[in-house]
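K.L.:
Next up is a structure, given as structure tokens.
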Amino acid sequence: MEVFQRAEASTFFGREIGIMYTHAHLRYAEALARHGDAERLLEALALVNPIGVTERVPNARPRQSTCYYSSSDATFADRYEAAEHYGEVMAGTVPLEGGWRVYSSGPGIFLRLVVESLLGVRRRGDRLELDPVLAPALDGLEATVPVDGIPLDLAFRVGDCGVGPVSVVLNSVALQTNPLSNPYRAPGVAIDMALVRAGMNASGRNYLEIQVS
């Protein structure tokens with residue numbers, strides 16, 4: 001019987017065991033949103049973004065900013081060198097490079113987390129859920145998200161907590177909301193899509209203002 005292994009299995013040091021396996025990191029960011037850790041959520045999402053990563057991570061080597069990498073890997077030649085010098089990784093003195101391959105699915109996961117976890121805009125059946133998790137420094141943030149194919153201009157007023165909408169106003173009309181369930185923090189809210197459609201302009205701008213506690 002012959003046993004075949006992936007080519008990198010014997011020597012490659014990266015991906016799941018390197019420094020940051022990006023998909024696992026994004027799931028960590030998703031958990032932070034569920035828990036309501038707004039500051040750490042923003043930081044976690046920023047670490048995934050290759051644009052300006054050398055400014056946020058001092059020992060990161062320059063990498064192509066239009067690529068989403070599978071991981072961020074310490075620059076060791078093999079597992080033996082990694083085992084001998086892993087303390088330097090933890091000290092942040094080993095350079096970090098973009099991982100072993102470029103992923104196509106990663107940007108989609110990243111963008112979904114930005115829209116559905118950071119901004120907290122989720123379309124669920126006949127409801128529109130609003131569940132932002134925003135650091136107080138993002139007070140005044142504006143974004144545009146399509147809802148049923150119509151651009152919806154969002155404006156966030158963020159308090160000290162950064163979670164738990166206390167009011168939702170569409171085109172100057174307050175919308176009735178129902179609380180979602182979250183055992184870890186102040187929950188988001190759900191709005192009947194019939195109310196959203198009724199309040200939207202067929203043409204021109206649709207402005208949704210969300211006040212967060």
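A short reminder: the numbers here are calculations on the coordinates, not readings from a lab. Keep in mind that this is a model prediction, so the values were computed, not measured. Methodologically, a virtual Cβ is constructed for each residue, glycine included, from the backbone with ideal geometry; neighbour enumeration extends over all protein chains shown.
K.L.:
Considering region 7-106, what Rg and Dmax in Å follow from its alpha-carbon atoms?
P.N.:
Considering region 7-106 through its Cα atoms, Rg and Dmax are 13.8, 41 Å.
K.L.:
List every residue whose amide H lies under 5 Å from the amide H of V212, counting only residues 5 or more places away in sequence or on a different chain, with H placed 1.01 Å from N in the peptide plane.
P.N.:
The answer is R157, V158, G159, V166.
K.L.:
If the chain between R123 and I51 were fully stretched, how many nm would it gain, using 0.36 nm times the residue separation less the Cα-Cα distance?
P.N.:
Separation in residues times 0.36 nm, less the Cα-Cα distance, equals 23.0 nm.
K.L.:
What's the Cα-based Rg to Rh of region 111-213, Rh via Kirkwood?
P.N.:
With Rh from the inverse mean 1/r over Cα pairs, Rg/Rh is 0.93.
K.L.:
Rounded to the nearest 10 degrees, what's the angle between the helix 38-48 long axis and the longest principal axis of the chain, both from Cα atoms, 0 to 90?
P.N.:
50
K.L.:
Contour minus end-to-end for N178 and V102, with contour as 0.36 nm per residue of separation and end-to-end as the Cα-Cα distance?
P.N.:
Here the segment from N178 to V102 would lengthen by 23.2 nm.
K.L.:
Which order do T75, T22 fall in if you start with the one that has the fewest other Cβ atoms within 10 Å?
P.N.:
T75, T22
K.L.:
Give the separation of the Cα centroids, region 49-115 to region 136-213, in Å.
P.N.:
For region 49-115 versus region 136-213, the Cα centre distance is 34 Å.
K.L.:
Still on this structure, please answer the following. Calculated from DSSP H runs of 4 or more alone, at -39500 (n - 2.57) each and per residue, what is the 222 nm mean residue ellipticity of the chain, nearest 500?
P.N.:
-7500 deg cm²/dmol
K.L.:
Assign unit charges at the C-beta atoms only (+1 for Lys and Arg, -1 for Asp and Glu), then state the dipole size of the chain relative to its Cα centre in Debye, rounded to the nearest 20.
P.N.:
500
K.L.:
Here's a follow-up. Most exposed first by the Cβ proxy, i.e. fewest other Cβ within 10 Å, how do V57, V89 rank?
P.N.:
V57, V89
K.L.:
What list do you get for E43, E30 if you sort them by fewest beta carbons within 10 Å?
P.N.:
E43, E30
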